[in-house]
Amino acid sequence: MTSKVNGEIRQLGNSSYMTRKFDEVLEYFSRDNTLYPWDFFTSGTLSGTCLEKKDGSWYLKPGDTLELEVNKIGVLRNRVVKK
């Protein structure tokens, strides 16, 4: 898993660092909920967040391009816009 901002790698890791594996998350959630094919789960974040940069230089701003990539799945690419 990789996250990039304007082509710069900000986070890099893989699922072996997860506290809980996806099967455990799904098992826990499905105890009290019905799961549907369109349900979407997220797993948190990799190390290397903007909060670690005390000068605020890693905060996203309008015009930035954010790319989130998971090997063998694909890339989600979005441009940050002003609200």
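The values are calculated or read from the model by the stated rules, or taken from the named source; none is laboratory data. Every value quoted in this text rests on a predicted model; they were computed, and no experiment measured them. Cβ placement follows ideal geometry from the backbone for every residue including glycine, while neighbour counts extend to all protein chains displayed.
Counting just the residues of segment 20-36 that are more than 25 Å from Leu46 (Cα to Cα) and of a type in the set (Ser, Thr, Tyr), which one comes out farthest from the chain's Cα centre (by Cα)?
So the residue we want is Thr34.
Can you name the residue in segment 27-83 that is among the small types (Gly, Ala, Ser) and surrounded by 12 or more Cβ atoms within 10 Å (Cβ to Cβ) and, of all such residues, is farthest from Glu8 (Cα to Cα)?
Here the residue is Ser43.
Show me the strands (runs of 3 or more DSSP E) found entirely inside segment 2-79 where at least 2 residues are without any contact (Cβ under 8 Å) to a residue 60 or more places away in the chain. Before you say what the answer is, go through the steps one by one.
On the way: elements: 2-5, 8-12, 65-70, 74-79.
Strands (runs of 3 or more DSSP E) meeting the threshold: 8-12, 74-79.
Is it the case, given these coordinates, that Ser43 is of a type in the set (S, T, N, Q) and at pLDDT below 90?
yes
Could you tell me whether any residue of segment 62-82 is at pLDDT 90 or above, among the basic types (Lys, Arg) and under 16 Å from the mean Cα position of the chain (by Cα)?
Yes, segment 62-82 contains a residue that is at pLDDT 90 or above, among the basic types (Lys, Arg) and under 16 Å from the mean Cα position of the chain (by Cα).
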